[in-house]
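S.K.: Structure in structure tokens, see below.
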Amino acid sequence: MVWVKNRGVDPNPRQLQLLALAKTEGSVSVERLAQALGVTLQTVRRDVQRLSDEGLLKRFHGGVRMPGSTVENMAHQQRVSLNAAGKARIAKAVAAAVPNDCSLILNIGTTTEAIARALVQHAGLRVITNNLNVASILSVNPQCEVIVVGGVVRGRDQGIVGEAAVDFIRQFKVDIALIGISGIEADGSLRDYDYREVKVSQMIMAHAREVWLAADSSKFNRPAMVKLATLSQIDRLFTDAQPPEPFPSLLLEAQVRLELAPA
């Protein structure tokens, strides 16, 4: 068997819209996609081919569906590639809001990894993380102290989970928790796939004076099995596009400050 290395893909705005339609409808025909996007069938088929080659869509005869389920997330490299430009904009907005000389906890996720890259020039940060990728990124900054949580390392994404991680975080109280999430559902619940990861993130939220959620537009209406929290437990939401209905009213009701990253 010949294995081809995943080169990664940064979907363009039309392809992001295509992915959003597939996510919202569960499965969708090629004809429906062409009509909704206002393009030809040939254009849709090219987009579908590209996205399915990268594992972002699953093809079936006459249509497509999302590859994941409520119990399994996409591979780490696919998540890095998905809406990478949007995540970079979110990271820049978060970094602009984080003051020097403060304490942070960053959890597992490709968006928090993008935030870590945007924080490399900050001074006087003390960062606790259960994400070895975040630790590696920020450790190059001599003006940043990085504390790595103990626990079980997940090989697929270098995240640290388990009871040891929960107990470790219990010692601290930081200024800001910067968290990523796999999905935000229409009932206002924040959800993820691994209950062990969720338990760590819940402890992170409980031991921060403010909780900032960083979630790109692909996370709205994305289902996942395990409930982490609700929007009412968040102080600020950083995202790259205006959230779809019913999220604006949910954010207003929960008194969450919405931060739209500049285009």
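The values are calculated or read from the model by the stated rules, or taken from the named source; none is laboratory data. Since this is a predicted model, take the numbers as computed values, not measurements. A quick note on method: Cβ atoms are made from the backbone with ideal geometry, for glycine too, and the neighbour counts reach across all protein chains shown.
S.K.: From the set of residues in region 53-84 that are farther than 20 Å from P223 by Cα and touching a strand residue (DSSP E or B) at 6+ places or on another chain (Cβ under 8 Å), which is modelled with the lowest pLDDT?
M.R.: F60
S.K.: Please go through region 231-263 and pick out each residue that is free of Cβ contacts under 8 Å to residues at least 24 places away in the same chain and of a type in the set (G, A, S).
M.R.: Once the filter is applied, which keeps residues that are free of Cβ contacts under 8 Å to residues at least 24 places away in the same chain and of a type in the set (G, A, S), region 231-263 yields only S249.
S.K.: Do we have F172 as surrounded by fewer than 21 Cβ atoms within 10 Å (Cβ to Cβ) and touching a residue at least 24 places away in the same chain (Cβ under 8 Å) here?
M.R.: yes
S.K.: A further question on this structure: Residues in region 107-164 that are touching a residue at least 24 places away in the same chain (Cβ under 8 Å), among the small types (G, A, S) and either in contact with an Asp or Glu (Cβ under 9 Å, 6 or more places away or on another chain) or assigned to a strand (DSSP E or B) (or both): how many?
M.R.: 4
S.K.: Of the conditions (1) charged (D, E, K, R); (2) out of contact with any helix residue (DSSP H, G or I) (no Cβ under 7 Å at 6 or more places or on another chain); (3) within 22 Å of W212 (Cβ to Cβ), D167 fails just one. Which one is it?
M.R.: D167 satisfies all of (1) charged (D, E, K, R); (2) out of contact with any helix residue (DSSP H, G or I) (no Cβ under 7 Å at 6 or more places or on another chain); (3) within 22 Å of W212 (Cβ to Cβ) except (3).
S.K.: I'd like to check something: does region 37-50 contain any residue that is surrounded by 16 or more Cβ atoms within 10 Å (Cβ to Cβ), modelled with pLDDT under 90 and in contact with a strand residue (DSSP E or B) (Cβ under 6 Å, 6 or more places away or on another chain)?
M.R.: no
S.K.: If you don't mind, another one. Scan region 205-222 and tell me whether some residue there is in a strand (DSSP E or B) and either more than 24 Å from R126 (Cβ to Cβ) or touching a Pro at 6+ places or on another chain (Cβ under 6 Å) (or both). Before you say what the answer is, go through the steps one by one.
M.R.: Applying the first criterion (in a strand (DSSP E or B)) to region 205-222 yields 208-214, 220.
With the extra rule that they be either more than 24 Å from R126 (Cβ to Cβ) or touching a Pro at 6+ places or on another chain (Cβ under 6 Å) (or both), the set shrinks to 220.
Taking every residue of region 205-222 in turn, at least one turns out to be in a strand (DSSP E or B) and either more than 24 Å from R126 (Cβ to Cβ) or touching a Pro at 6+ places or on another chain (Cβ under 6 Å) (or both).
S.K.: Given the conditions (1) at pLDDT below 95; (2) closer than 25 Å to A97 by Cβ; (3) surrounded by 17 or more Cβ atoms within 10 Å (Cβ to Cβ), report the number of the one that A224 does not fulfil.
M.R.: (2)
Here is a yes/no grid of residues against (1) within 21 Å of M66 (Cα to Cα); (2) assigned by TED's automatic domain parsing to the domain that holds G86; (3) within 11 Å of the chain's Cα centre (by Cα):
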site: I181; (1), (2), (3): yes, yes, yes
site: V198; (1), (2), (3): no, yes, no
site: M203; (1), (2), (3): no, yes, no
site: N221; (1), (2), (3): yes, yes, no
site: I234; (1), (2), (3): no, yes, no
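S.K.: Which residue pairs have Cβ atoms under 6 Å apart, sit 6 or more places apart or on different chains, and have a first residue in region 212-230 that is more than 25 Å from N12 (Cα to Cα) and a second that is part of a helix (DSSP H, G or I) and modelled with pLDDT under 95?
M.R.: Close Cβ pairs (under 6 Å, with a partner that is part of a helix (DSSP H, G or I) and modelled with pLDDT under 95) amount to V226/Y195.
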